[in-house]
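Note sheet for the following structure.
The values are calculated or read from the model by the stated rules, or taken from the named source; none is laboratory data. As the structure is a computational prediction, the values presented were derived from the model and not from experiment. Cβ sites come from the backbone with ideal geometry, for glycine too, and all protein chains shown count toward neighbours. When the accessible area is computed, the model is the full protein with side chains, heavy atoms only, and any ligands, DNA or RNA have been set aside. Shrake-Rupley method; radii C 1.70, N 1.55, O 1.52, S 1.80 Å.
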Amino acid sequence: MKAGIVCWFVGLSGSGKTTISLMVESKLRAAGIPIAVLDGDELRKWLSSDLGFTYEDRMTHIRRTVYVADLLARNGLIVLAPLITPYKEMREYCRTKLTSYVEVYVDCPIENCIERDVKGLYEKAINGQIPMFTGISDRFDEPTSPDLIVKTNQETAEECACKVIKLLKEQNGCEHVI
Ligand SMILES: Nc1ncnc2c1ncn2[C@@H]1O[C@H](COP(=O)(O)OS(=O)(=O)O)[C@@H](OP(=O)(O)O)[C@H]1O
Ligand SMILES: Nc1ncnc2c1ncn2[C@@H]1O[C@H](COP(=O)(O)OP(=O)(O)O)[C@@H](O)[C@H]1O
């Protein structure tokens, strides 16, 4: 059996991680490629409902997600993990622990994320109603060595998804898709 790969999407809330990963998922699934998305909201509801957004809680959440992602990838799936993953030490952990790992930086200026405010969280964070909100009251370390950068304020979601698929094709061979 061919081993899978874990594709980690790093980026601010509202940068486009979920949108792009769902687009990649649907294209690969249509091509018959076994794939799973570790959706952030689902994970926080079912795997990490005991955790919040302190430094330690976020680190624990990432460690749990890495465990699940690795299990799925070892069983042949392409695993997409759209999580903010704000700290550089988290990404170092991912790269160390995951056998096959690629990192996509979903890059979008915070001004655009605030403008999008998909879930209405930025407004609350700016008003001080959400403590430790990434980019507002908690740090986001700019990725320094991602395998791919997509700029969602300059490229369409479709263009970004195609770049991710090209990367996966290079790394793991998804020949039928593009
Ligand atoms: N304090 C704080 N900071 C950042 N984000 C917050 C916070 N509180 C709640 N949320 C919502 O939780 C989603 C991020 O969860 P993640 O598991 O991806 O975060 S992390 O990687 O553990 O830092 C994130 O989802 P996305 O918008 O999809 O990124 C937010 O909707
Ligand atoms: N190039 C792009 N890639 C991804 N999303 C985009 C892009 N351009 C605009 N958007 C919009 O930005 C928002 C991103 O939200 P979402 O995917 O939930 O972000 P995240 O999962 O990073 O919090 C969506 O409303 C999406 O339609």
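Counting other Cβ atoms within 10 Å of each Cβ, which trypsin sites (Lys or Arg not before Pro) in segment 49-113 have at most 13 and sit in a DSSP loop?
Hits after loop and neighbour filter: nothing returned.
Going by average Cβ neighbours within 10 Å, how do the peptides 44-56, 98-110 rank, with the highest at the top?
Ranking the peptides 44-56, 98-110 by packing returns 98-110, 44-56.
Using helices alone, I'd like the mean residue ellipticity at 222 nm for the chain: each DSSP H run of four-plus residues gives -39500 (n - 2.57), total over residue count, nearest 500.
So the helix-based figure for the chain works out to -14000 deg cm²/dmol.
With +1 on the Cβ of every Lys and Arg and -1 on the Cβ of every Asp and Glu, and nothing else charged, how large is the dipole of segment 5-150 about its Cα centre, in debye rounded to the nearest 20?
420 debye
Excluding residue 126 itself, what net charge comes from residues whose Cβ is under 15 Å from its Cβ, given Lys and Arg +1 and Asp and Glu -1?
Combined, the nearby Lys, Arg, Asp and Glu give -2.
Tell me the trypsin sites (Lys or Arg not before Pro) within segment 102-138 that lie in a loop according to DSSP and have at most 15 other beta-carbon atoms within 10 Å.
Working: sites: 116, 119, 124; in loops: 119.
Filter output for segment 102-138: 119.
By what distance, in whole Å, do the Cα atoms of the chain stretch along each of the three principal axes, largest value first?
Rounded to whole Å, the extents work out to 49, 34, 28 Å.
Mind ranking 17-26, 131-140 by how tightly packed they are, going by the mean number of other C-beta atoms within 10 angstrom, highest first?
Sorting 17-26, 131-140 by mean packing, highest first, produces 17-26, 131-140.
Measure nothing fancy, just the Cα-based angle from helix 17-30's long axis to the longest principal axis of the chain, in degrees from 0 to 90, nearest 10.
Tilt relative to the chain: about 20 degrees.
Here are some pairs, 97/119; 17/169; 45/169; which of them have Cα atoms lying more than 29 Å apart in this structure? Numbers along the way, then the final one.
Details: 97/119 32 Å; 17/169 19 Å; 45/169 32 Å.
Exceeds cut-off: 97/119; 45/169.
If you take the beta carbon distance between residue 119 and residue 2 as r and set R0 to 25 Å, what does 1/(1 + (r/R0)^6) give as a FRET efficiency, to the nearest 0.05?
Here the calculated transfer efficiency is 0.10.
Report in % the part of the accessible area of the chain that belongs to carbon and sulfur, leaving out ligands and nucleic acids; probe 1.4 Å.
Reported share for carbon and sulfur atoms: 53 percent.
So if I restrict to the alpha-carbon atoms in segment 71-160, what is the Rg, and what is Dmax, the biggest pairwise distance, in Å?
15.1, 45
Arrange the residues 159, 123 by how much accessible surface each exposes, largest first, with a 1.4 angstrom probe.
Result, largest first: 123, 159.
State in Å² the accessible area per residue of segment 1-60; use a 1.4 Å probe, count heavy atoms of protein chains only, and round to the nearest integer. Let's see the in-between values first.
Numbers: 2800 Å² over 60 residues.
I get 47 Å² per residue for this part.
Treating the angle as unsigned and between 0 and 90°, give the value, to the nearest 10°, between the Cα long axis of helix 157-172 and the longest Cα principal axis of the chain.
Once rounded, the angle reads 50 degrees.
Under a 5 Å amide H to amide H cut-off, with H placed in plane at 1.01 Å, what residues pair with residue 37 once short-range neighbours are removed?
Long-range HN contacts for residue 37: 80.
If I take every Cα pair under 8 Å that is 6 or more residues apart in segment 5-150, average their sequence separation and divide by the length, what percent do I get for the relative contact order?
It comes to 38 percent, rounded to a whole number.
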